[in-house]
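See structure below.
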Amino acid sequence: MQEKRSLFTRLFGKPSAGPKEATMMKMLNGHVPVFTDFGSNAYDSDIVRSAVDAIARNTAKLKGKHIRRVNGRVQNAQSNLDYLLSVRPNEWMDAYTCWYRVATQYFMKNNAFIFVDTDSLGNIVGFYPLNFSQVEFVETQKEVYCRFRFMGGELLTVPYSQVLHLRRFFYRNDLFGEPNENAILPTLELINTTNEGLINAIKSSAFLRGLLKFQSMLKKDDMIAQRDAFVKDYLDITNNGGIAATDAKADYIELKNDPKMVDPEHMKFIQDKVYKYYGVSEAIVKSDYTEDQWNSFYSSVIEPFALQLSLEMTSKLFTARERGFGNEIVFSASRLLYASNETKITISKELLPLGIFTINEIREVWEAEPVEGGDIRVQTLNVVNADKADQYQLGEKPQPNGGDSDDASDELSQTGRGQDSQPSE
């Protein structure tokens, strides 16, 4: 039989425990720098999964870009990183799937690690989210390493500089985000108990319960035989008439079954505890949100994640010299896509003539395809550079240090194009 190929070996080579002289790092607060996964129990809860999924599926729509800030202006660097960040981070995942998994690990473990794969020349060729069972920090005299243990027992030790590390609830441990079990486990146990109680209540209410009271003295064996016969005749699933009959030898006394169930108000309270823990609302989970609810969710949950991912990538993917030349990684999403049509109309009508958006950017807001020549900014002639306002309105001649043009209106005609061909009175 042909031996199965190992995905681990294909990505990382043979398992490695790292440098032999590496020792466990010593933390300032005395914590051991080891993080063990809480497990998948929390993700098995439908409430937890729906909350995390609502975050992950919206976070996965973030678009990563490699930009360069030069003299206060933002330029698209147009490097290979753009393709990796926005299309295919690795050979197994598209961008949506990759960032969905990173966000899920981030909110389930409060720690997410992404391995940065490079070729023999040091060029970045892929990003791999690591689904580990345990990770610990070790160090040599010169470098800090992460030692990962995976579900199959494989070991991988890589320099900390080669992994992107995102953290949540970063407080007591110097390196890891706080695990979830102490904070959310009591709520999950309450949810589990509630679900089991609901199931048992439904089951118990579906059965006919009662006593057979015999009018004469019977031997124990005879009573058991009479009971079994009654159950067979009247409580069998094939008896769909719903009616039981007895003769004078026995009376059937029904036992009322009144199972207690958690009322909807308490159920909602438990559910809201989970939603609050993850920073989402029921409207976000159900995709029934308003524009204001979406903006609050984006600002408080998605944007902080995007900012941390952007900063971590900028720090780990570029050298100090490259950062000095303005190289950055940014993750963002168009919040206007989730605005109401009324808001979109207002923005299109008021901001496009000011040159704030290009034609294609406005088309993107309306989820329309870009058009050729749509990457220019148009501007109405009703607005003017503040430094040229007096020259424009009063017809004054420009001062010697006021610019190269002899007439302010000439400059406007060269730089501003729009629907208004004449300045307002």
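Need one number: nm distance between label points at Leu155 and Asn382, each 7 Å from Cα along Cα→Cβ, rounded to one decimal.
7.2
With a ≥ b ≥ c the root eigenvalues of the C-alpha gyration tensor of the range 49-130, is it rounded (a/c under 1.5), prolate (a/b larger than b/c) or oblate?
It is oblate, given that a/c is not under 1.5 and a/b is not larger than b/c.
Once you've got the Cα coordinates, tell me which of Lys109/Lys276; Lys65/Lys388; Lys63/Lys388; Lys63/Lys142; Lys61/Lys276 are over 28 Å apart.
Check vs 28 Å cut-off fails for Lys65/Lys388; Lys63/Lys388; Lys63/Lys142.
Here, each number is a calculation from the coordinates, and none is a lab measurement. All figures in this text were calculated on a predicted structure; none of them were measured in a lab. All Cβ positions, even for glycine, are placed from backbone atoms using ideal geometry, and neighbour counts span all protein chains on display.
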